[in-house]
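What follows is a set of notes on a single structure, which appears directly below.
The values are calculated or read from the model by the stated rules, or taken from the named source; none is laboratory data. In this text the structure is predicted, and so the values were computed from the model without any measurement. Note: ideal-geometry Cβ built from the backbone for every residue, glycine included; neighbour counts use all protein chains shown.
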Amino acid sequence: MGIHVSTKINGDDVEFVCDAEETLLDVLRDRLNLTGAKEGCATGDCGACSVTIDGRLTCSCLTLGAEVEGREIGTVEGVAKGNELHPIQQKILDNAALQCGVCTPGIVVAAKALLEKKPDPSEEEIRYWMAGNLCRCTGYDKIIRAIQDAAAEMRG
Amino acid sequence: MRYEAPTTVEAAVSLLSAEAGLAKVLSGGTDLLVQMRMGMMEPDLIVDTKRIPGFGDIVEENGGYRVGGAVPSAELNEHAGFTAMYPGVAEGADLIGSTQVQGRATITGNLCNAGPAADSVPCAVAVGCVARIAGPNGKRDVAIEDIPQAPGKTSLEKGELVESLFFPAKPANTGDAYLRFIPRTEMDIAVAGCGISITLDDTGTCTAAKVAIGAVAIKVLVVDEAAQALIGTKVDEAALDALASACSAAAKPITDKRGTVEFRKEVVGVLAKRAAKIALDRAKGA
Amino acid sequence: MASSTGEAPESKGTHQYQPRDFKVVGTTPLRPDGVDKVTGRARFGADMNLPGQLVGKVLRSPHPHAKLVSIDTSEAEALPGVKAVVTRDDFAENEAHHDILCNIMARDKVLYEGHAVAAVAATSRAIALKALKKIKVVYDILPHVTDVDEAMKADAPILHDDMFTHGVDPMPTTASNIAGRCEFGHGDVDAGFEQADIIIERNFKTAATHQGYIEPHACVATVTSDDYGELWGCTQGHFVLRNVSASLVGMDVSKLRVTASEIGGGFGGKTTVFLEPVCLMLAKKSGKPVKMAMTRDEVFKASGPTASSSMDVKIGCTKDGRITAGFAEVRYQGGAFRGAPADFGAMCAFACYALENVKAIGWEVVTNRPKGAAYRAPGAPMSVYAVESVVDELAKAIDMDPIDFRLKNAARNGDKSSYGPKFESLGLVETLEAAKNHPNYQIPLGPNQGRGVASGFWFNFGGETCSTLNVNQDGTVAISVGTPDIGGSRASMCQMAAEELGIPYDQVRAIVTDTSSLGFNDTTEGSRVTFSSGMAVIFAAREIIGKLCERAAMMWDIPVEAVKWEEGKAIPAGANAGDFEPLTLAEIADAAGGTGGPIAGHHEYNADGAGVSFGTHLVDTEVDPETGFVKILRYTVIQDAGKAIHPSYVEGQFQGGAVQGIGWALNEEYIYGDDGKLQNAGFLDYRLPVASDLPMIDTVIVEVPNPGHPYGVRGVGETGIVPPLAAIANSVSDAANLRMTELPMSPPRILKAIHQAEAAE
């Protein structure tokens, strides 16, 4: 029997019905067609499915769809304001900080959460915060630089 | 499978008691959901504790802290009072998985999943953490080292769940620390770990200590010999060597994909020594 | 200087390198697919959905080696919601693609844990998984072997009773797990060793590693009742995928259209065919679209890792550092079928050196592991690790700087390579000199710290390629290429077209077309795309320039010979041609309807002349003597790019290759139990480097032009993974004063080696 869930995604009210076993990632991708979050592992080891729940960064693969009743979800689709990119998105482009781009949605969500919590992180703090976001293409160098640049720009 | 999110602990206990099949408590879910996805576990009922009042709270109690059963590691680490009192416990909790995982994972879940390598458990054991268990026969308080029995097995009875963890007031001149070894810098399961609490008198002599080691046996072990190696000393090199030897001797690890018996026995001693130095500095207020 | 010169369509100019001043090439514009990728809009393999689609799942063998006695699917078929079940019986024998067929759906035997046995399509994932449990398979379990040296023994369990070693004369008459032997080299190594003052001989082992792309394999397929198929999915080569899939499913190639989705990493691992024919067959049987995606567990167990290896290397040199002879024997297992890249391993082993006496033997072996796939410079990192470790040890033994030692022996223009051909133009010496002069080579080291150097080589490929450029009526240009973009190649295609045409980068847009819109293109592999597709784009642009000049000539009513193309405009070729205002590309495009219709350029060829690629890496490490933990302190990649079209993406290739190599060196490995099963089929225990493991990765782009490309381009994608294994091993050996001969150098192995070294003292 399906479970009815009312929630808010990227500021909009959303209702869906899901099975008890379904993860939030399954719901986002298969029921709501929000395919920005990716399934890289389904075990919380890669970060490609990163979202925020009530502002806190988490893996949507480690959350049941049923759990988000009344919560506020933030996904990569909500990071840009219309066609205006968030600084972290722009700096990822400017720094060539993506190659294949499949980890990028998770990187964007995680980096944004970091900069909201800590506007001036050290390189080491960035690296440890981002350790749960696997990137196999870049070796992380340009991603770290993009986050540093975005932090600097956001601090003004 | 059914999903229930009761709003009282009594309702949670009734649901867990009444289920004829496999009932699992969901606090953070970072172990449970993985086990379900990998087909290692097929629960008939999941009881989500996050909607029970108090389960998400950290409150002061008798000079210590009571941490609700659904408080995620990230929140514990944002609590200034708790991290000031028990930095070692907080650091242990902060080592569980990624930032994302810490947004969900709870110490209670880490404890009740009963994995021998649980990072938040050894230091919590070392500082004397007590679990409050709610069940069909009411509530009881149990030292947390008595809960895990073997990988995936706890001493909890049918219908019972851990409602909160109580960290007693820290005695004066006491410091705690936790260190673990992993092959990378993040994201791994501990290959060996050691949590330690040290109390000094005014002369700097160790008057009390508790040492717990992880990932080197079927459950987290309290090593009395290791504590005895420190008590009555100034925690000098000789005492630290004795501590390391006691931890290595007490370890009963296995060889697996994460490490060998020899490696784990040796490294748990190295970690004990290094953790003791940190705990010592903290006890001295450095 | 003009950015280009107009030429008649039949003469698009030469493939030979011509020096020029670049305007767009060498700059770092934003990639055309960038905004979609930072906003989550880009569609990867699993992001496509079709109305009414079913979910396909694969049943996989739990045994590493067994006879497949029977498969009963009746209960699964009877389950409500199940729309199709396929097994080996649904696929006809196929001589051309026999191994692929046997791999995608086991026939008489299962050859590794994870080998596909059956597949179902159902209305939901849950039903599909339930159906898999209802398929009854009877296995007759056979003994298994997963280690390369064990598999070569005479009494090893035999995987294929028709495998007789190739390359041995006479060919053996008994079956074995040794698929082939190859040998490369020249001179007389025995005589060479006699001239040596010092000889070092060692054995090395490396574990199998996985490409580790973050996106699991995924596809969606439909097949109509009149047998037209469409397939969408993540692949490095949709033309090859189409040909193989059509053949296995029994369709005409013309009836199958394959669209390459955005691809979430490949590194060679998506040059393969796994799910796609199965997905097409499920779609055909069910009459509905079917979507399939591997889980991470399936990716590890059933898609291609690279080979594990066991190697012997012997090198001799004189006291003054001249190598007199080099010998290597490498044994690679590549899983259950032919294809372990022992030949590439043997060819690359000594490629960095100009040697009078050299011999490298490669053995290709099969074991009960998943069928291996290409992984970035396939075969090269292992043999180069072994050779560069011994080179390092020789340099230490004669107390010579390791870079000086390499410079003394380095391959140079005109030298005969260790694998046969003569080197025409190469930049190894330039990378070594840049390494020696790099500030990172001078930084003082602290206690327990060490410095390592290693060089490496990769051939680079060309191959079958075509590309079309269409001039739009507003003067913008659309590029169609047939090589999936795995690292930013669409941007470099646009840069090269803009360079030739003399128009701004943002007026050119590149897409990867489906298989029905272009002729055959070889796969994105061998670092071939910027070289091969790029050259096709350059020549297609030159064809367009010829046509633009023709159109301008018509508009001016002068002979075409009197028109030339400069800086994006047609101008009269000289004073005698007449006095006309220049015509821009946009003006000519706007008038095209009256001058002969649409303007397009196309180029098709089999690209040749891919320039060889060399790199040198420097790495400093610190080893914790009490735990064996290795920290990478600083890392420097120096590599010859020929000409960097988009320098940021070139750096990205260097950095990414280096970090994959760091993972291979330190922690990544396929761990098998005695039961022949993979113990670590997930990102938790298959340990990819994470951000906090690493420092910034410094890069130096060396540019020694490739004579076989008009801009001098060399492929840059693969060489970066060749030196790191050795560079890190040399660094760790320096830090801990020992020699690590087995990869990965995980902490338990290092701590054990430290204790052994202590005991030996």
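A few remarks follow.
- Screening region C:260-355 for helices (runs of 4 or more DSSP H) wholly inside it with 1 or more residues that are within 14 Å of chain A (Cβ to nearest Cβ) returns the ranges C:296-302.
- Residue among C:714, C:739, C:749 that alone is surrounded by 24 or more Cβ atoms within 10 Å (Cβ to Cβ) and of a type outside the set (Gly, Ala, Ser): C:714
- Selected residue (only one of C:638, C:662 is at pLDDT 95 or above, in contact with an Asp or Glu (Cβ under 8 Å, 6 or more places away or on another chain) and either at negative phi or part of a helix (DSSP H, G or I) (or both)): C:662
Residues are listed down the side, and each one gets a yes or a no for (1) surrounded by fewer than 24 Cβ atoms within 10 Å (Cβ to Cβ); (2) within 24 Å of the chain's Cα centre (by Cα):
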{"site": "C:431", "(1), (2)": "no, yes"}
{"site": "C:437", "(1), (2)": "yes, no"}
{"site": "C:443", "(1), (2)": "yes, no"}
{"site": "C:450", "(1), (2)": "yes, no"}
{"site": "C:457", "(1), (2)": "no, yes"}
{"site": "C:472", "(1), (2)": "yes, no"}
{"site": "C:477", "(1), (2)": "no, no"}
{"site": "C:481", "(1), (2)": "no, yes"}
{"site": "C:485", "(1), (2)": "no, yes"}
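- Note on region B:14-68: among residues that are among the small types (Gly, Ala, Ser), in contact (Cβ under 8 Å) with a residue 40 or more places away in the chain and surrounded by 18 or more Cβ atoms within 10 Å (Cβ to Cβ), the one that is farthest from the other protein chains (Cβ to nearest Cβ) is B:64.
- Any hit, region A:99-106, residues being part of a helix (DSSP H, G or I) and in contact with an Asp or Glu (Cβ under 6 Å, 6 or more places away or on another chain): no
Yes or no, residue by residue, for (1) surrounded by fewer than 22 Cβ atoms within 10 Å (Cβ to Cβ); (2) touching a helix residue (DSSP H, G or I) at 6+ places or on another chain (Cβ under 7 Å); (3) not hydrophobic (A, V, I, L, M, F, W, C); (4) not assigned by TED's automatic domain parsing to the domain that holds residue B:148:
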{"position": "B:206", "(1), (2), (3), (4)": "no, yes, no, yes"}
{"position": "B:213", "(1), (2), (3), (4)": "no, yes, no, yes"}
{"position": "B:218", "(1), (2), (3), (4)": "yes, no, no, yes"}
{"position": "B:234", "(1), (2), (3), (4)": "yes, no, yes, yes"}
{"position": "B:237", "(1), (2), (3), (4)": "yes, no, yes, yes"}
{"position": "B:242", "(1), (2), (3), (4)": "yes, yes, no, yes"}
{"position": "B:253", "(1), (2), (3), (4)": "no, yes, yes, yes"}
{"position": "B:256", "(1), (2), (3), (4)": "yes, no, yes, yes"}
{"position": "B:259", "(1), (2), (3), (4)": "no, yes, yes, yes"}
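- Within region C:63-78, residues that are free of Cβ contacts under 8 Å to residues at least 12 places away in the same chain reach no partner that is loosely packed, with under 14 Cβ neighbours inside 10 Å with beta carbons closer than 7 Å at six or more positions or on different chains.
- Spans of helices (runs of 4 or more DSSP H) in region B:197-285 with at least 1 residues touching a Phe, Trp or Tyr at 6+ places or on another chain (Cβ under 8 Å), modelled with pLDDT of 95 or more and within 26 Å of residue B:171 (Cα to Cα): B:261-283
- Within region C:596-631, being buried (at least 17 other Cβ atoms within 10 Å of the Cβ), outside the structural domain of residue C:381 (by TED's automatic domain parsing) and farther than 20 Å from residue C:713 by Cα holds for C:599, C:601, C:602.
- Checking the stated criteria, residue A:124 turns out not to satisfy the condition of being touching a strand residue (DSSP E or B) at 6+ places or on another chain (Cβ under 7 Å), more than 7 Å from chain C (Cβ to nearest Cβ) and without any contact (Cβ under 8 Å) to a residue 12 or more places away in the chain.
- Residue match in region A:135-144 (condition: within 11 Å of chain B (Cβ to nearest Cβ), assigned to a helix (DSSP H, G or I) and at negative phi): no
- Some residue of region C:570-578 being in contact with a Gly (Cβ under 6 Å, 6 or more places away or on another chain) and touching a residue at least 24 places away in the same chain (Cβ under 8 Å): no
- Every condition in (1) crowded, with 19+ Cβ neighbours inside 10 Å; (2) closer than 26 Å to residue C:249 by Cα; (3) free of Cβ contacts under 8 Å to residues at least 24 places away in the same chain; (4) not aromatic (Phe, Trp, Tyr) holds for residue C:34 except the one numbered (2).
- Taking region C:667-698 as the range and being more than 18 Å from residue C:747 (Cβ to Cβ) and of a type in the set (A, V, I, L, M) as the test, the residues that pass are C:678, C:681, C:691, C:696, C:697.
- Residues within region A:72-83 that are more than 22 Å from residue C:43 (Cβ to Cβ) and more than 16 Å from the chain's Cα centre (by Cα), tallied: 0
- Just one of the numbered conditions (1) surrounded by fewer than 24 Cβ atoms within 10 Å (Cβ to Cβ); (2) in a strand (DSSP E or B) is not true of residue A:57: (1).
- Helices (runs of 4 or more DSSP H) contained entirely in region B:96-153, each with at least 2 residues that are under 10 Å from the mean Cα position of the chain (by Cα) and crowded, with 21+ Cβ neighbours inside 10 Å: B:107-112, B:121-126
- When A:66, A:37 are checked against the criterion of being away from chain C (no Cβ under 13 Å) and touching a residue at least 40 places away in the same chain (Cβ under 8 Å), a single residue qualifies: A:66.
- Filter result (touching a residue at least 40 places away in the same chain (Cβ under 8 Å), surrounded by 24 or more Cβ atoms within 10 Å (Cβ to Cβ) and in a loop (DSSP other than H, G, I, E, B)) within region C:684-697: C:686
- When region C:671-683 is filtered for residues that are more than 10 Å from residue B:257 (Cβ to Cβ) and within 14 Å of chain A (Cβ to nearest Cβ), the ones remaining, listed by number, are C:681, C:682, C:683.
- Segments classed as helices (runs of 4 or more DSSP H), wholly inside region C:28-132, with at least 3 members that are modelled with pLDDT of 95 or more and within 14 Å of chain A (Cβ to nearest Cβ): C:34-39
- Filter pass, residue A:44 being in contact (Cβ under 8 Å) with a residue 12 or more places away in the chain, at the interface with another protein chain (Cβ under 7 Å from one of its Cβ atoms) and in contact with a Pro (Cβ under 7 Å, 6 or more places away or on another chain): no
Matching residues to (1) assigned by TED's automatic domain parsing to the domain that holds residue C:287; (2) surrounded by fewer than 19 Cβ atoms within 10 Å (Cβ to Cβ); (3) more than 30 Å from residue C:53 (Cα to Cα):
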position	(1), (2), (3)
C:86	yes, no, no
C:98	yes, yes, no
C:110	yes, no, no
C:121	yes, no, no
C:130	yes, yes, no
C:157	no, yes, yes
C:184	no, no, yes
C:189	no, no, yes
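- Output for region B:13-44, where each listed residue is farther than 11 Å from residue B:161 by Cα and touching a Gly at 6+ places or on another chain (Cβ under 7 Å): B:28, B:30, B:31, B:34, B:44
- Just one of (1) in a helix (DSSP H, G or I); (2) over 27 Å from the mean Cα position of the chain (by Cα); (3) more than 14 Å from chain A (Cβ to nearest Cβ) fails for residue C:564. It is (1).
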